[in-house]
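Here's the structure, in structure tokens; my notes come after.
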Amino acid sequence: MTWSTEGCLISARFIWRSVIQILCGSVALAVLTLVCFRLGFNLPTTMCLYLVLIVLLSLWGNFLSSAVVSLIAVGCLVYFFSPPLYDFRINDPFEALAATVFLIVSALITALASAVRR
């Protein structure tokens with residue numbers, strides 16, 4: 001097995017593009033989290049807005065960046081919008097189910113967008 005210079009360049013470009021997409025998605029997620037938190041949105045409303053962001057990122061980015069931002073989004077949902085606030089514990093089983101469903105739906109959206117792009 002030989003390594004080519006072109007293969008390394010493509011790999012490096014993919015990594016840098018993914019990092020840029022993750023950073024852009026994370027900044028957009030942070031701004032959206034701040035707006036939702038300041039406006040006092042509840043968990044379901046914020047989840048819907050997060051899904052819109054994930055869809056847009058999936059259409060623009062690749063699978064890796066969308067998956068990473070989806071995981072960060074689940075963390076933000078649990079930490080900022082699920083009681084007890086500012087904690088990663090979930091006391092209500094329905095909110096745990098909601099966070100799990102969000103992760104599954106965002107993964108499906110990401111996979112479908114990647115398949116369509118190919």
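The values are calculated or read from the model by the stated rules, or taken from the named source; none is laboratory data. Remember, predicted model here, so these are calculated numbers, not experimental data. Glycine gets a Cβ as well: all are built from the backbone with ideal geometry, and neighbour counts include every protein chain shown. Accessible surface is based on the protein model in full, side chains and every heavy atom, while ligands, DNA and RNA are left aside. Shrake-Rupley method; radii C 1.70, N 1.55, O 1.52, S 1.80 Å.
Summary of values
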| quantity | calculated |
| --- | --- |
| The range 74-104 - residue that is open to solvent by less than 50 Å² (accessible area, probe 1.4 Å) and among the β-branched types (Val, Ile, Thr) and, of those, nearest to TYR50 (Cα to Cα) | VAL74 |
| Residue count for the range 56-68, restricted to those that are over 15 Å from THR33 (Cβ atoms) and either open to solvent by less than 70 Å² (accessible area, probe 1.4 Å) or among the hydroxyl-bearing types (Ser, Thr, Tyr) (or both) | 7 |
| Filter result for LEU71 (out of contact with any Asp or Glu (no Cβ under 8 Å at 6 or more places or on another chain), crowded, with 16+ Cβ neighbours inside 10 Å and modelled with pLDDT of 90 or more) | no |
| Residue within the range 106-118 that is open to solvent by 40 Å² or more (accessible area, probe 1.4 Å), under 26 Å from SER11 (Cβ atoms) and part of a loop (DSSP other than H, G, I, E, B) present | yes |
| Given (1) at pLDDT 90 or above; (2) of a type outside the set (Lys, Arg); (3) assigned to a helix (DSSP H, G or I), number of the condition SER11 does not satisfy | (1) |
| Options PHE94, PHE80, PHE37: the member that is out of contact with any helix residue (DSSP H, G or I) (no Cβ under 9 Å at 6 or more places or on another chain) and either within 23 Å of CYS24 (Cβ to Cβ) or not in a loop (DSSP other than H, G, I, E, B) (or both) | PHE94 |
| Flag if VAL27 is at pLDDT 95 or above, exposed (fewer than 11 other Cβ atoms within 10 Å of the Cβ) and under 16 Å from VAL69 (Cβ atoms) | yes |
| In the range 32-55, the residues that are crowded, with 16+ Cβ neighbours inside 10 Å, in contact (Cβ under 8 Å) with a residue 40 or more places away in the chain and not hydrophobic (A, V, I, L, M, F, W, C) | THR33, TYR50 |
